[in-house]
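Have a look at the structure below, then the notes.
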Amino acid sequence: MTHAPATDQDPVIELRGVRKSFGELEVLKGIDLAVTRGEVVVIIGPSGGGKSTLLRCVNLLDPISAGQVFLEGEDLTRPQVDLNRIRRRIGMVFQQFNLFPHLTVLGNLTLAPVKLLGLGRQEAERLAGDLLSRVGLADKVDAYPRQLSGGQQQRVAIARALMMSPHVMLFDEVTSALDPELVSEVLDVMRDLARSGMTMLCVTHEMGFARELGDRLVFIDGGVIAEQGRPADVLDDPQQARTQQFLRKVL
Ligand code: ADP
Ligand code: MG
């Protein structure tokens, strides 16, 4: 069987009929979702609805039960696929910052590119400096994670993901664990990234972010995409009863 090379017209991410069960519990019940290059897709929905599971299925951190996942036209569900090679094109940032506590900010940023990409140390450190400036933390290069606020740690986590030159970034509620006054500094970094043309799939409760930067808003409930559309349309005029009910609670 031949495998067609990826083209620019391919969606960056495409899920086709993705199902995911944990034992008896079916969490994703057939998700079809294509994200095009440069698109910012925001995912909202009630807790337990399958949003984190969906993000984890994009890079097959968990094996899926049925369906297919494509990254830039490559089928990640083919048995012989080199998942580690493909996963490097996907950056992921979580609610908990997951920095290595025993490494400095610089160490956190340079570890994977030097080990996995074979980047020279000097080049990695130069890139780290550039990215830390971009997230407003050039002066924290030698700090340890425990010396940073939550917002600073999360910005380091974003810079660390960007070190691998990802083709797409996945964000799972990255501001949910932050004190309210620290949320905006992280959203500012995400705004900058979205405007730079990064392809982004973001689970968030920040409806202002969704409205301002989302090209599309996807409402997930009970393991299916219950509604999707332009953020302003979905937020101001939801068509489905369950979307209306959810938005009444969060807006
Ligand atoms: P959300 O991110 O929308 O809150 P999740 O994707 O985290 O939802 O979870 C969806 C459902 O899947 C929940 O019922 C959760 O308990 C269950 N679930 C998630 N991960 C696992 C796991 N590793 N094992 C068993 N059940 C899980
Ligand atoms: Mg979640």
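Each reported figure results from applying straightforward, stated rules to the coordinates on display, with no laboratory input. Worth saying up front: this structure is predicted, and the values here are computed from it rather than measured. Here the Cβ is made from the backbone with ideal geometry for all residues, glycine too, and neighbour counts use every protein chain on show.
Based on alpha-carbon atoms, the Kirkwood radius and the radius of gyration of segment 42-175 give Rg/Rh equal to 1.00. Placing unit charges on the Cβ atoms only, positive for Lys and Arg and negative for Asp and Glu, gives the chain a dipole magnitude near 500 debye about its Cα centre. Here the Debye sum runs over all C-alpha atoms of segment 115-251 as equal scatterers in vacuum, and log10 of I(q)/I(0) at q = 0.09, 0.15 Å⁻¹ comes out as -0.34, -0.81. Residue-normalised convex hull volume from the C-alpha trace of the chain: 141 Å³ per residue. Of all the options 114, 58, 224, the one that moves most in a Gaussian network model of the chain with Cα springs shorter than 10 angstrom is 114. Solvent-free Debye calculation, one equal scatterer per alpha-carbon of segment 206-251: log10 I(q)/I(0) at 0.20 Å⁻¹ equals -0.58. Every pair of different Cα atoms in segment 127-168 enters the Kirkwood calculation, which places the hydrodynamic radius at 10.4 Å.
In order along segment 211-225, phi translates into HN-Hα couplings of 5, 6, 10, x, 7, 8, 10, 10, 9, 10, 8, x, x, 10, 7 Hz, rounded to whole numbers, per the Karplus curve 6.51 cos²θ - 1.76 cosθ + 1.60 with θ = phi - 60° and x for Gly and Pro.
Of the GluC sites (Glu not before Pro) in segment 1-103, the ones in a loop by DSSP (not H, G, I, E or B) with at most 15 other beta carbons within 10 Å are 24. Computed over segment 170-251, the convex hull of the alpha-carbon atoms projects to a mean area of 5.6 nm². A simple charge model with +1 on the Cβ of Lys and Arg, -1 on the Cβ of Asp and Glu and nothing else charged puts the dipole of segment 150-251 at about 180 debye relative to its Cα centre. Under 8 Å for C-alpha pairs, at least 6 residues apart: give me the relative contact order for segment 1-108, rounded to a whole percent. With pairs under 8 Å counted, the relative contact order is 29 percent.
Mean sequence separation of contacting Cα pairs (under 8 Å, at least six apart), scaled by the length of segment 78-235, corresponds to a relative contact order of 24 percent.
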